[in-house]
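Trainee: Provided herewith is a single structure, encoded as structure tokens, for subsequent inquiry.
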Amino acid sequence: MSVRTLRIDGRDVASGEGTTVLEAARDAGVAIPTLCHLEGLSPVAACRLCLVEIEGSNKLQPACITPVSEGMVVHTATPRLREIRRTVIELLFTEGNHVCAVCVANGHCELQDRAVDVGMDHARLPYRFPDRPVDLSHQRFGLDHNRCILCSRCVRVCDEVEGAHVWDMAWRGEHCRIIAGLDQPWGAVDACTDCGKCVMVCPTGALFHKGDSVAEKHEDPSRLAALLQARRARQEAP
Amino acid sequence: MNGLRCCASAGCLARGSGALIGALETAISRAELGDRIQLRPVGCLGPCSQGPLLALDPDGDLYAGVGPQDAETLVAALARRLHQGSDQATPLEWAPARGERLDLRAPFFQRQRRIVLEHCGLIDPTDLEQAIAVGAYGQLERVLQGWSPERVLTELQRSGLRGRGGAGYPTGLKWATVARMPGARKVVVCNADEGDPGAFMDRAVLEGDPHRVLEGMAIAAYAVGADHGFIYIRAEYALAIERLRLAIDQAVRRGRLGPALFGTGFGFSVELRVGAGAYVCGEETALIASIEGKRGTPRPRPPYPAERGVGGKPTLINNVETLANVAPILREGADWFAAIGTAGSAGTKVFSLTGHVRRGGLVEVPMGTSLTTVVLEMGEGAPEGSAVKAVQTGGPSGGCVPADRLDTPLDYESLQALGTIMGSGGMVVLDQSTDMVALAAYFMAFCREESCGKCVPCRAGTVQLHGLLERILAGSASRADLDQLETLGAMVMDTSLCGLGQSAPKPMLSTLRYFRGDYLARLEAP
């Protein structure tokens, strides 16, 4: 594999061809915030948190899907990018009903963590307080649409890793919603294997284990990468 | 022989041309003149706002506002003239009861240069033989029987044709890129998902001269090495869909589409794909997903469709009007085409002229024609007692040209410099009564509704922007809200995933640029 050398925030970085800017930055110890991205799932570049500036390009590029190239000069934390990230987080907070104090994921929530990272101490945009339902029809898990940020990790993990394709995105724009099966109650969808991977990768408290109370959801989405690694190792074993 | 051409496109049909055609048929057969008067339903005749429109041959006269009640008197007048034995010499002594004979010396007609629409309004779009009689598929045959694909590519590149869908990407370059891609199977897609409010250019082309577009697709396929094509058309265009279906069937039966065309080894088939009401499916990656039967959401580019399109195959996507330009370019030559229009924007552009304008309809003018010519001369300006305030071009992705800049030539770069775009050709004239804040709110509501919801800035940002505009409209916004509107607008433009979000704030930012006073007047007193 040939090597590409580039500069990320003033650091010289050498990465293999085909590596993304996000991977290269993380290898070099440069943190770029993400939400929809999760190692082990196909990238969708939808949350726009990982946008970076690349010298010579007038457009911001999502680090999660932009491959490194020779001589690339990347800036990941300019004032403009910081402002954009804060606005993205504000847009997410004001779009749903994110009440940390009563949330199962309080203290273990990626949205909450990113809000802290970007310094969002308050929302400058008005809260929209949408009327959203909660689906408790599944025996073991629940889905609270109020906390969903539509990152589509659950959709991808169920399709790409579990192979069950229980989840889909329905409707458009502000009316977008995660649906189970053909917009059925989750518990009524036979395709669900009850594996819980969707709960594991959910960055917020939208998907949760029934019985978890405030701050009791201790999922670690990065476990997915370990799980996939283990699966690969077993498949490759003689 | 006397001929009557009656517009049977959606605009005139909505104004009653269906009943007119029926009444004329009855009157002609009652007068037993079926063999001496040929009645043809045709495509758009131009001044749609004055329909139903009827053209008389061989005189070339055009009548507006003709109704079924006029059929008897018209046929009687034609009969009188026929009995006198003079078909053409004497002008017809007839006028519609509530309509008029249009003065074809008016700028609306004189200033046009019809290339894309050259046969629109002349031929019956449901009759392949009439299309062939005026040259349809002639260029395809010529190309297949003696031209190499490279020669077609060179000709297209030399012509300077740029994409008519909005962005103005050089068509020849796009074709050459797809042609260079490896892969045995390639795809040609015609984007007929025309969705900008006030835009109906492509609909008119498809309803009036569908074979022109099919021929353009087939030539494109030959040039890039494709064997299959799709036309992606919005479901709302029921008549265009019907005529395209018929046109494809006829072309296949007549050996103009299908395997081994004109005795060569080249074959090309076309499939129609009907959209399901999503504006975003006009964006090429969403369009591809929709053709594949997936949810119509855009994905990041690269890879561009030229590299990975429908079913992963290299795909050429062109707009309807772009493809309709192909046959005349090959017929008359690249130099001929390049000489029309301006240096950077060759050829003509079809515009749908609507809004606060006395004479609305479909016009085709050379690139570089000024907005003054199109709006004030051809369209004859705003209605009595008012004046033009601005002209909106490019729909929800475009912006406004204020009245004092109407001398701007219509070419890609000049419009961009004013903060708007050529777009696909929608041109909405706005008079002094227009509230520019309400206009901005209208377009933002459109984008809010049409956002696919995939990326955060477009999904949630358009909602917040629309909310801020509503607040300004309600008179309860402050100076800080206006600042936030501009900051958030810039953020949504910079960060959205696809063209819809990246341009959604444009109509708003454009009105802020030229009509800031309309906004300031509505702010709460500090």
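Bear in mind that the values in this text are calculations on the coordinates, not laboratory data. All values reported here derive from a predicted model rather than from experimental measurement. Positions of Cβ are generated from backbone atoms using ideal geometry, with glycine treated the same way; all protein chains shown enter the neighbour counts.
Trainee: Please enumerate, by chain and number, the lysines with C-alpha under 25 Å from the C-alpha of B:K313, excluding those fewer than 8 residues away in the same chain.
Mentor: B:K174, B:K186, B:K294, B:K454
Trainee: Can you divide the C-alpha Rg of the protein assembly as shown by 2.2 N^0.38 Å and report the result to two decimal places? The partial results should precede the final answer.
Mentor: Values: Rg = 29.3 Å, N = 764, 2.2 N^0.38 = 27.4 Å.
So the Cα radius of gyration is 1.07 times the expected 2.2 N^0.38 Å.
Trainee: Which order do the peptides A:218-229, B:182-193, A:159-170 take when ranked by the mean count of other beta-carbon atoms within 10 Å per residue, highest first?
Mentor: Values: A:218-229: 14.5, B:182-193: 21.4, A:159-170: 16.8.
Output ranking for A:218-229, B:182-193, A:159-170: B:182-193, A:159-170, A:218-229.
Trainee: While we're here: Karplus couplings for segment B:296-307 from phi (6.51 cos²θ - 1.76 cosθ + 1.60, θ = phi - 60°), rounded to Hz, Gly and Pro as x?
Mentor: x, 10, x, 10, x, 10, x, x, 6, x, 4, 8
Trainee: What base-10 log of the normalised intensity I(q)/I(0) is obtained for segment A:1-134 from the Debye formula, alpha carbons as equal point scatterers, at q = 0.09, 0.10, 0.12, 0.19 Å⁻¹?
Mentor: For segment A:1-134 at q = 0.09, 0.10, 0.12, 0.19 Å⁻¹, log10 I(q)/I(0) is -0.31, -0.38, -0.53, -1.09.
Trainee: Continuing with the same structure: Using the Cα centre as the reference, give the magnitude of the dipole from point charges on the C-beta atoms of the protein assembly as shown (Lys, Arg: +1; Asp, Glu: -1; all else neutral), rounded to the nearest 20 debye. Please report the intermediate quantities before stating the final value.
Mentor: Numbers: 79 positive and 89 negative charges, 168 e Å.
Using Cβ point charges on Lys, Arg, Asp and Glu, the protein assembly as shown gives about 800 debye.
Trainee: If you filter segment B:75-184 for GluC sites (Glu not before Pro), then keep DSSP loop positions with at most 15 other Cβ within 10 Å, what is left?
Mentor: Numbers: sites: B:E93, B:E100, B:E118, B:E129, B:E141, B:E150, B:E155; in loops: B:E93, B:E118.
Filter output for segment B:75-184: B:E93.
Trainee: I've got another one for you. Let me spell out the model: positive unit charges on the Cβ of Lys and Arg, negative unit charges on the Cβ of Asp and Glu, origin at the Cα centre of chain B. What dipole size does that give, in debye rounded to 20? All intermediate terms of the calculation are to be shown ahead of the outcome.
Mentor: Details: 52 positive and 57 negative charges, 247 e Å.
The calculated dipole for chain B is roughly 1180 debye.
Trainee: List the cysteines in chain B whose Cβ has no other cysteine Cβ under 4.7 Å from it.
Mentor: So, B:C6, B:C44, B:C48, B:C120, B:C190, B:C281, B:C400, B:C447, B:C452, B:C455, B:C458, B:C498.
Trainee: Report ³J(HN,Hα) in whole Hz for each residue of segment B:9-21, in order, from the Karplus equation J = 6.51 cos²θ - 1.76 cosθ + 1.60 where θ = phi - 60°; Gly and Pro get x.
Mentor: 8, 4, x, 6, 4, 5, 9, x, 6, x, 5, 5, 4
Trainee: Continuing with this model, one more query. Order these peptides, B:211-217, B:25-31, A:232-238, by their mean beta-carbon neighbour count within 10 angstrom, highest first.
Mentor: Numbers: B:211-217: 28.1, B:25-31: 16.0, A:232-238: 7.0.
Going from most to least packed, we get B:211-217, B:25-31, A:232-238.
Trainee: Under a point spin-label approximation (7 Å from Cα along Cα-to-Cβ), what is the A:R82-B:S269 distance to one decimal in nm?
Mentor: Taking the simple label geometry, A:R82 and B:S269 are separated by 6.0 nm.
Trainee: In nm, to one decimal, how far is the B:Q84 label point from the B:Q416 one, both placed 7 Å along Cα→Cβ?
Mentor: Inter-label distance under the simple model: 5.7 nm.
Trainee: Along Cα→Cβ, 7 Å out, is where each label goes; now give me the distance between the ones at A:A14 and B:A97 in nm to one decimal.
Mentor: Each label point is offset 7 Å from its Cα along the Cβ direction, giving 9.0 nm.
Trainee: Based only on Cα atoms, what Rg/Rh ratio does segment B:128-337 have, Rh being taken as Kirkwood's radius? Mind dumping the intermediate values first?
Mentor: Numbers: Rg = 15.7 Å, Rh = 16.8 Å.
A ratio of 0.93.
Trainee: Something else: With a sphere of radius 14 Å drawn around the Cβ of A:V73, what net charge do the other residues whose Cβ falls strictly inside it have (Lys, Arg +1; Asp, Glu -1)?
Mentor: Numbers: positive: A:R4, A:R7, A:R11; negative: A:D9, A:D12, A:E53, A:E55, A:E70.
For residues surrounding A:V73, the net value is -2.
Trainee: Across peptide A:80-91, what mean number of C-beta atoms from other chains lies inside 10 Å of a residue's C-beta? Walk me through the numbers before you get to the answer.
Mentor: On the way: counts 3, 1, 0, 2, 5, 1, 1, 10, 7, 1, 3, 11.
The shielding value for this peptide is 4.
Trainee: Using a Förster radius of 60 Å, what is the FRET efficiency between A:H75 and B:S386 based on their Cβ-Cβ separation? Nearest 0.05, please.
Mentor: On the way: r = 51 Å, r/R0 = 0.85.
Here the calculated transfer efficiency is 0.75.
Trainee: Under a 5 Å amide H to amide H cut-off, with H placed in plane at 1.01 Å, what residues pair with B:G341 once short-range neighbours are removed?
Mentor: Amide H to amide H, under 5 Å and 5 or more residues apart or across chains, B:G341 pairs with B:G347, B:M367.
Trainee: Using +1 at the Cβ of each Lys and Arg and -1 at the Cβ of each Asp and Glu in segment B:1-112, identify which of B:A55, B:L24, B:T73 lies farthest towards the dipole's positive end.
Mentor: Sorting the options by dipole projection puts first B:A55.
Trainee: Antiparallel DSSP bridges in the protein assembly as shown: what percent, to the nearest 5?
Mentor: 65 percent
Trainee: Enumerate the calculated ³J(HN,Hα) couplings along segment B:258-265 in order (Karplus 6.51 cos²θ - 1.76 cosθ + 1.60, θ = phi - 60°), each rounded to whole Hz, writing x wherever the residue is Gly or Pro.
Mentor: Per residue, the Karplus-derived 3J(HN,Hα) values read x, x, 6, 6, 6, x, 9, x Hz.
Trainee: What percentage of all Cα-Cα pairs in segment A:83-236 are separated by more than 18 Å?
Mentor: Percentage above 18 Å: 59.
Trainee: Counting only other chains, what is the mean number of Cβ atoms within 10 angstrom of the Cβ of each residue in peptide B:446-454? Write out the running numbers ahead of the final one.
Mentor: Values: counts 0, 1, 3, 4, 2, 5, 5, 11, 11.
Going residue by residue through B:446-454 and averaging, the value is 5.
Trainee: Once you order the gyration tensor axes a ≥ b ≥ c over the Cα atoms, which shape class does segment B:345-431 get: rounded for a/c under 1.5, otherwise prolate or oblate by comparing a/b with b/c? Write down the numbers at each step before the final one.
Mentor: Details: a/c = 1.63, a/b = 1.34, b/c = 1.21.
Prolate, because a/c is 1.5 or more and a/b exceeds b/c.
Trainee: Using the crude model of +1 on Lys and Arg Cβ and -1 on Asp and Glu Cβ, and no other charge, please compute the dipole size for chain A relative to its Cα centre, in debye to 20.
Mentor: On the way: 27 positive and 32 negative charges, 47 e Å.
My answer is approximately 220 debye.
Trainee: Also, I was wondering about something else. Write out the cysteines belonging to chain A for which the nearest other cysteine Cβ is not under 4.7 Å, or none if no such cysteine exists.
Mentor: When partners are defined as cysteine Cβ atoms under 4.7 Å apart, chain A leaves A:C50, A:C64, A:C100, A:C103, A:C109, A:C148, A:C158, A:C176, A:C192, A:C195, A:C202 without one.
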